[in-house]
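Visitor: I am attaching a structure below and will ask some questions about it afterwards.
The values are calculated or read from the model by the stated rules, or taken from the named source; none is laboratory data. Since we're looking at a predicted model, the values are computed, not measured. Neighbour counts run over all protein chains shown; Cβ positions are idealised from the backbone, glycine included. When the accessible area is computed, the model is the full protein with side chains, heavy atoms only, and any ligands, DNA or RNA have been set aside. Shrake-Rupley method; radii C 1.70, N 1.55, O 1.52, S 1.80 Å.
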Amino acid sequence: MKEAKKIALLTGGGDCSGLNAVIRAIVKSAILKYNYEVIGFKGGYHGLYTDDFVKMDLKTITGIFHQGGTILKMSNKDNLFKYKMTDESGKVVYKDVSDVAIANLKKHNIDALIIIGGDGTLTSARDFARKGINVVGIPKTIDNDVPATEITFGYRTALDHIMQSLDALHTTAYSHDRVMILEVMGRNAGWLALEGGIAGSADVILIPEIPYNINSVAQTIFDRYNRGSKFTIICVSEGAKPIGGDVTIKAIDKDSPDSVKLGGVGDLLAKQLEKIIKPVTGQDIRVTNLGYIQRGGVTNTFDRVLGTKYGSYAVDMIANQEFGRMVVIRNDRMDSVRIEEVVGSGQTGQTSTGGARIVNPHGDLVNAARDIGITFGE
Ligand code: F6P
């Protein structure tokens, strides 16, 4: 294999904090350490398909380190192996246009492509690798549920948002003797609710891995009330579900690889709890859905450093010709795994090697929370 001279990168899927830190590290390392030329495709795979690109030099990455989002923009709707188009009669059809993307890479003499994204984006990265493209993947998600890696950038910044929101909710909950519910993201993994909830001193944490019983949740509120704590803070993961029940779905987006959009469990809980609580204690229940705030804002210290590690390691992998692989962190050290082994967890949470990284209901984190009186609605 010839030595790389020119590389490209793109960001796909949904954004998170730390993406710009990764982009900055890739560009700096590629130019300063290896003297590579770098281009960035804009809008994820859409830019690769339409050949919408920008030459990346040290100036293009000035001042972006701390900013959330991605200067390259991104999209989670452009699967080039099943691309949505309309035919001559105006009918919607899905076509494999990956060869157009490959032709664009050839036109630019790209030796290797770094693809930063979540499960859907990395599934296409795997498919480009199968077609002979030198691909290096970097996992990205605030959900922290990527198998094979201990932590993803964006997660810790999202936790900070959750903790600060819970801190703010405490003072208003206390002042009005209210039950406050904060709904947070995370898809089918409860990491954000669990760690954010512990840090923000939630009284009840509801996560997908531990289905809840509404009466048990109500019991915690009564117990606290009877002890003189007339407010209760509940941190609920968007993927939480009742025992024997299912998740709350906000929308179905057929064009997204992650078509089931979760959301609304906080409102549902409030309705159910109100019937049980209000007649007894008179407490009001209020819901806050933290939503997309979790994905934005100023990138925190941890994610700036983590993004730098992910980005610079990806460029080292190109220099070492380690293609078809994704950067991971194991035992706090940078490493890589075959992309084939980790993609495919999308809506099911399952990959070929076992599935998304989810919370262990009997693990240290859950146990520590239980030890200090946090309940999980069982
Ligand atoms: O996977 C990251 C995430 O923010 C999830 O926590 C959330 O369920 C989903 O993306 C939202 O996706 P979208 O940006 O398509 O609404």
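Visitor: Between region 248-326 and region 178-211, what is the C-alpha centre distance in whole Å?
Guide: Cα centroid to Cα centroid, the span is 11 Å.
Visitor: Report the gain in length on full extension from Asp332 to Tyr34: 0.36 nm times residue separation, minus Cα-Cα distance, nm rounded to one decimal.
Guide: Residue separation times 0.36 nm, minus the Cα-Cα distance, leaves 104.8 nm.
Visitor: Turning to a different aspect of this structure: If we count every other residue with Cβ under 14 angstrom of Met180's Cβ, Lys/Arg +1 and Asp/Glu -1, where does the sum land?
Guide: Numbers: positive: Arg178, Arg224, Lys230, Arg286; negative: Asp167, Asp177, Glu183, Asp203, Asp267, Glu274, Asp284.
Result for the local shell: -3.
Visitor: Can you tell me, using C-alpha contacts under 8 Å and at least 6 residues apart, the relative contact order of region 29-172 as a whole percent?
Guide: Working: 167 pairs, mean separation 20.4, N = 144.
Normalised by residue count, the contact order of region 29-172 is 14 percent.
Visitor: Can you compute the label reach from Ile293? Point 7 Å from Cα along the Cβ direction, backbone N cut-off under 12 Å, restricted to region 172-215.
Guide: Under 12 Å, as judged by backbone N against the label point of Ile293, lie 182-184 of region 172-215.
Visitor: Return one whole number: the accessible area per residue of region 102-248 in Å², for a 1.4 Å probe.
Guide: On the way: 4690 Å² over 147 residues.
Computed with neighbouring chains in place, this is 32 Å² per residue.
Visitor: Follow-up question, since we're still on this one. I need to check one value: relative contact order of the chain, counting alpha carbon pairs closer than 8 Å and at least 6 residues apart, in percent. Let's see the in-between values first.
Guide: Numbers: 880 pairs, mean separation 83.9, N = 378.
This gives 22 percent for the chain.
Visitor: Ok, one more. With all protein chains present, calculate the accessible area of Thr141 using a 1.4 Å probe and round the result to the nearest 10 Å².
Guide: Surface open to solvent at Thr141 totals about 20 Å².
Visitor: I would also like to ask the following. If contacts are Cα pairs under 8 angstrom and at least 6 residues apart, what is the relative contact order of region 214-288 in percent?
Guide: On the way: 72 pairs, mean separation 20.3, N = 75.
Relative contact order, region 214-288: 27 percent.
Visitor: Turning to a different aspect of this structure: Considering only DSSP beta bridges with both partners in region 43-200, what is the antiparallel share in %, to the nearest 5? Walk me through the numbers before you get to the answer.
Guide: Details: 4 of 9 bridges.
For region 43-200, the DSSP antiparallel bridge percentage is about 45.
Visitor: Full extension from Ser201 to Ser89: what is 0.36 nm times the residue separation minus their Cα-Cα distance, to one decimal in nm? Mind dumping the intermediate values first?
Guide: Details: separation 112, 0.36 × 112 = 40.32 nm, distance 5.77 nm.
Length difference between fully extended and current span is 34.5 nm.
Visitor: A further question on this structure: Working out 0.36 nm times the residue gap between His66 and Ser229, then minus their Cα-Cα distance, what length gain in nm do you get to one decimal? Before the final figure, lay out the partial values.
Guide: Details: separation 163, 0.36 × 163 = 58.68 nm, distance 3.93 nm.
Stretched out fully, the His66 to Ser229 stretch lengthens by 54.7 nm.
Visitor: While we're here: Given the options Asp316, Asp15, Asp87, which has the most mean-square fluctuation in a GNM of the chain, springs set between C-alpha atoms less than 10 angstrom apart?
Guide: The residue with the greatest mean-square fluctuation here is Asp87.
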